[in-house]
Amino acid sequence: MEPYRIKVVEPIPVTTRAQRERALRRVHYNLFGLRADEVTIDLLTDSGTGALSAAQWAAGITGDESYAGSRSFHRFQEVVRELTSYPCVLPVHQGRAAERILFSALLAPGQITLSNTHFDTTRANVELAGCQAVDLPCPQAEDLDSDEPFKGDIDLHRLEEALRGPDASRIALVLMTLTNNGAAGQPVSMDNLTRAAALCRKHSVPLFLDAARFAENAWLVTQREPAFRGLSPRQVAEQAFRLADGCLMSAKKDGIVHIGGFLGLRDRALAERCELLLIATEGFPTYGGLAGRDLDMVAQGLTEVTDPPYLRSRADAAQHLARLTRDAGIRIVEPPGLHALYLNAGRLLPHIAAHRFPGHALACQLYLEGGIRSVELGSLYLGREDVNGAPVTTAPYELVRLTLPRRTYGLSHLNHVGEVLAATVKAKERIPGYRVVEQPALLRHFRCKLEPVPS
């Protein structure tokens, strides 16, 4: 059972299929454009969509809204320092602000960043700085069906080759994403992180963590890495932070809050440069674009998120939905993590070519069948077409992410998702592909317009 009881509820929108068809047409078949009151079960993201605890709400009520030096900031700073060991802590309104500030202060045009996998906004902020983002996922990540426990690892051989290679002088940093959201939410092992940190120290390249889901990664380490089975998630997380030179974090994930994030840094000179950017673009360093109540809620969330019963309930929910998905006849990226399941849409819909976006087609069908909003991670997200719509690049896999908001949905909600998945499979041959009719130059999946293409 979930290790909490429900104190506040809100109604769930229930719509008809005809209403959902009209809604999809209105937003040009882009699920990001839907109104929240048109969605029954919203699995679009786990970012800022969790339910706050009573202790977090209580902390928010006592928040100090002083412009400079508030009590809320000092509590926040103390909690982050204790967890991460980083002396310099800069609050920001969310993770992409931390990315922008860090990359603006650290990167110069023409440099390279290496990662196990950059996520979408991370890559965009690297490119906006005039730099190149290079992904080095481990070979095990290529097999979506295997039970390899740590497919989120970085490829250590390729990392060492890059750090010793002809472009070594251009490498500005290595960023390890925990868990690896761009690689289907798979965890990073402590062994891999330790070895990557040693390589970075050897070659004098700073190592940073994208720590948005640090607690979930730590839980999976305690379950899958024999050397750490006797430790608590908190102890594993503390060790992980201490291996790196700093971190950036969207607290909207494992801070279990609706807004907030931070930069943690060891290098005081770098922290001073980041602080100047923070003041100019986010706010004074003791609030960083957040209200005092937000800082208090983040601090409380960071103390709750490593609680083993809470993390176990996250794992149980993901496993339950994974069983329902397999029973419906849909393959997922194995083994399931905690924050999301990744459906193999390419395998389910072989009649839809990659440049007709089978992942997006499946996501639209899940909405039509049962009001479920999800997100494509395939060729709409990673691919590119020419002016005639012919494929230039396609994604290696066509996936749909079903993300699990924290403390928000119970098992009956997940059972509804399972029923919708089963109904979708029964009609899979009739699902059409899509084509893009209008798109922005960057991060097109957020704002592009599409239309169905009958098979």
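Computed from the coordinates by the stated procedures, all read-outs in this text should not be read as laboratory data. Everything numeric in this text was worked out from a predicted model, so none of it was measured. We place every Cβ from the backbone using ideal geometry, glycine too, and count neighbours over all the protein chains shown.
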Study note, to complete from the structure: Taking every DSSP bridge whose two residues both lie in the chain, the antiparallel percent to the nearest 5 is 60 percent
Check your understanding: In region 21-63, with Lys and Arg counted as +1 and Asp and Glu as -1 at Cβ, which of these residues, 61, 50, 28, has the Cα nearest the positive end of the dipole, that is, farthest along it?
Key -> 28
Check your understanding: Between residue 451 and residue 267, what is the FRET efficiency for a Förster distance of 41 Å, r being their Cβ-Cβ separation, to the nearest 0.05?
Key -> 0.25
Practice item. Using 0.36 nm per residue of separation minus the Cα-Cα distance, give me the extension gain between residue 331 and residue 7 in nm, one decimal. Key: 113.1 nm
Review point. For the pair residue 18 and residue 392, how long in nm is the line joining their label points, each one 7 Å along Cα→Cβ?
Key: 4.3 nm
Revision key, fill the gap. Which of [x] 1.16; [y] 0.95; [z] 1.00 gives Cα Rg over 2.2 N^0.38 Å as computed here? It is [y]
Review point. To the nearest 0.05, how large is the calculated FRET efficiency for residue 78 and residue 191 if R₀ is 30 Å and r is the Cβ-Cβ distance?
Key: 0.45
Review point. How high is the relative contact order of region 308-373, given as a whole-number percent (alpha carbon pairs under 8 Å, six or more residues apart)?
Key: 21 percent
Exercise for review: Using only the Cα atoms, work out Rg/Rh for region 15-62, with Rh taken as the Kirkwood radius, to two decimals.
Suggested key: 1.19
Review point. Rg and Dmax of region 63-161 over Cα atoms: what are they, in angstrom?
Key: 17.9, 52
Check your understanding: If you take every DSSP beta bridge whose two residues both sit in region 101-254, what share of them, in percent to the nearest 5, is antiparallel?
Key -> 10 percent
Check your understanding: Under the definition of Cα pairs under 8 Å and six or more residues apart, what whole-number percent is the relative contact order of the chain?
Key -> 22 percent
Exercise for review: Would you mind checking 253/449; 151/449; 151/252; 428/449; 7/252 for any pair whose Cα atoms are more than 26 angstrom apart?
Suggested key: 253/449; 151/449
**Study point:** Helix-only mean residue ellipticity at 222 nm for the chain, each DSSP H run of n ≥ 4 adding -39500 (n - 2.57), per residue, nearest 500
**Key:** -12500 deg cm²/dmol
Check your understanding: Alpha carbon centre of region 340-407 versus region 2-60: separation in Å?
Key -> 20 Å
Review point. Can you work out D for region 156-222 in µm² s⁻¹ from Stokes-Einstein, where Rh is the Kirkwood radius over C-alpha pairs, the temperature is 4 °C and the viscosity is 1.567 mPa s?
Key: 103 µm²/s
Check your understanding: Stretched out fully, how many nm does the piece from residue 430 to residue 232 gain, at 0.36 nm a residue minus the Cα gap?
Key -> 66.5 nm
Practice item. Put one equal scatterer on each alpha carbon of region 170-308, apply the Debye formula with no solvent term, and list log10 I(q)/I(0) at q = 0.09, 0.11, 0.12, 0.15 1/Å to two decimals. Key: -0.29, -0.43, -0.51, -0.79
**Study point:** Label-zone membership for region 136-174, site residue 108, 7 angstrom Cα→C-beta point, backbone N under 14 Å
**Key:** 169-173
Point to revise | Overall Cα dimensions of region 362-435 - principal axes, largest extent first, Å | key: 45, 29, 17
Review point. Given a cut-off of under 8 Å on Cα pairs at least six residues apart, what relative contact order in percent is computed for region 232-293?
Key: 20 percent
Review point. Between region 168-199 and region 253-295, what is the C-alpha centre distance in whole Å?
Key: 23 Å
